[in-house]
Amino acid sequence: MSFRIPNDPSPHRSSTPPNEPYALRGDDLITERLTLRPWPAAEITAVSAGARHPHWAADFPADGDRVIAGFLTAHPDARGTYGHRLIAERTSGLVVGSIGLFPHGGGRLEIGYGVVPSRRCRGYATEATRALAGFGLTAPGVHTVFAEVDPANPASVRVLRKAGLRYCGDGDTGTARFRITTAPAPQD
């Protein structure tokens, strides 16, 4: 079954990255309302152990964050400059989710994200995705950042579209694929 995003007249056209929607301060990406910072080892351990930190939103970590903490424990190299990050509100300092890039070879990175329920519908996922996708496109040799989403998840589809990713076809497992790229779209 083919998935088509309504009102997207040219789904296979390449899009250009946003104009750097972030500032880089040390290893942190700073957006208008968020700080995207690498996961410290102590926080990975705490999430994996079910511990709580006072600078976490009451509903952090979500299930997806626990999965990512396990992944980062098994693959510590995924915490690098272009790896996984915590999403923190700049005003409160509370961690409200996580976001990360997964290398797929051939100059492609996959982006994944999650924001805790108490902070959804505030545009945080879009803001974080726009920033990390733009930053990912600055990595040496990277020309594409993509995401695959369940088409039955309209909120995630909106996040990707608002973040500047464009629908580019169906994924391998019934998902819809979105991408942002600095290079012309590959010919199929």
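Output the number of residues of region 123-133 satisfying the condition of being closer than 16 Å to R177 by Cα and without any contact (Cβ under 8 Å) to a residue 40 or more places away in the chain.
1
Count, please, the residues in region 79-122 that happen to be without any contact (Cβ under 8 Å) to a residue 40 or more places away in the chain, farther than 23 Å from D150 by Cβ and surrounded by 14 or more Cβ atoms within 10 Å (Cβ to Cβ).
Total satisfying the criteria: 1.
Mind checking which residues of region 46-74 are farther than 15 Å from R119 by Cα and more than 18 Å from the chain's Cα centre (by Cα)?
Result: A46, V47, S48, A49, G50, A51, R52, H53, P54, T73, A74.
Looking at (1) assigned to a helix (DSSP H, G or I); (2) of a type in the set (A, V, I, L, M, F, W, C); (3) within 21 Å of D27 (Cβ to Cβ), which is the only condition V145 fails?
(1)
Only one of (1) of a type in the set (A, V, I, L, M); (2) out of contact with any Gly (no Cβ under 9 Å at 6 or more places or on another chain); (3) under 23 Å from A147 (Cα atoms) is not met by A51, so which one is it?
The single condition A51 does not satisfy is (3).
How many residues does region 38-78 contain that are of a type in the set (A, V, I, L, M), under 24 Å from R120 (Cβ atoms) and surrounded by 13 or more Cβ atoms within 10 Å (Cβ to Cβ)?
9
Does T35 satisfy being modelled with pLDDT of 95 or more, surrounded by fewer than 17 Cβ atoms within 10 Å (Cβ to Cβ) and either within 24 Å of R122 (Cα to Cα) or out of contact with any Cys (no Cβ under 7 Å at 6 or more places or on another chain) (or both)? It would help to see each step written out before you state the result.
Details: modelled with pLDDT of 95 or more: yes; surrounded by fewer than 17 Cβ atoms within 10 Å (Cβ to Cβ): no; either within 24 Å of R122 (Cα to Cα) or out of contact with any Cys (no Cβ under 7 Å at 6 or more places or on another chain) (or both): yes.
No.
Quickly run through region 62-117 and pick out the residues that are farther than 18 Å from D28 by Cα and among the acidic types (D, E).
Across region 62-117, the qualifying residues are D63, D65, E110.
Quick check on my filter: what residues within region 19-32 are under 12 Å from I87 (Cα atoms) and either without any contact (Cβ under 8 Å) to a residue 24 or more places away in the chain or crowded, with 18+ Cβ neighbours inside 10 Å (or both)?
Once the filter is applied, which keeps residues that are under 12 Å from I87 (Cα atoms) and either without any contact (Cβ under 8 Å) to a residue 24 or more places away in the chain or crowded, with 18+ Cβ neighbours inside 10 Å (or both), region 19-32 yields D28, L29, T31.
Please enumerate the residues belonging to region 98-111 that are assigned to a strand (DSSP E or B) and either on the phi > 0 side of the Ramachandran plot or at pLDDT below 95 (or both).
F102, P103, H104, G105
One line per residue, one yes/no per condition, for (1) out of contact with any helix residue (DSSP H, G or I) (no Cβ under 6 Å at 6 or more places or on another chain); (2) of a type in the set (D, E, K, R); (3) more than 21 Å from G105 (Cα to Cα); (4) modelled with pLDDT of 95 or more:
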{"residue": "A133", "(1), (2), (3), (4)": "yes, no, no, yes"}
{"residue": "G136", "(1), (2), (3), (4)": "yes, no, no, yes"}
{"residue": "F146", "(1), (2), (3), (4)": "yes, no, no, yes"}
{"residue": "A152", "(1), (2), (3), (4)": "yes, no, yes, no"}
{"residue": "L160", "(1), (2), (3), (4)": "yes, no, yes, yes"}
{"residue": "A163", "(1), (2), (3), (4)": "no, no, yes, yes"}
{"residue": "R166", "(1), (2), (3), (4)": "yes, yes, no, yes"}
{"residue": "G169", "(1), (2), (3), (4)": "yes, no, no, no"}
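Looking at (1) in contact with a Lys or Arg (Cβ under 6 Å, 6 or more places away or on another chain); (2) among the hydrophobic types (A, V, I, L, M, F, W, C); (3) part of a loop (DSSP other than H, G, I, E, B), which is the one condition that is false for L86?
(3) is the only condition that L86 fails.
If I go through region 23-45 residue by residue, how many of them are part of a loop (DSSP other than H, G, I, E, B) and under 15 Å from the mean Cα position of the chain (by Cα)? Before you say what the answer is, go through the steps one by one.
Narrowing region 23-45 to residues part of a loop (DSSP other than H, G, I, E, B): 26-27, 31-33, 39-40.
Subsequent filtering for residues that are under 15 Å from the mean Cα position of the chain (by Cα) retains 31, 39.
Qualifying residue count for the region: 2.
The values are calculated or read from the model by the stated rules, or taken from the named source; none is laboratory data. Note that this is a predicted model, so its numbers are computed, not measured. Neighbour counts are summed over all protein chains in view; Cβ atoms, including those assigned to glycine, are modelled from backbone coordinates with ideal geometry.
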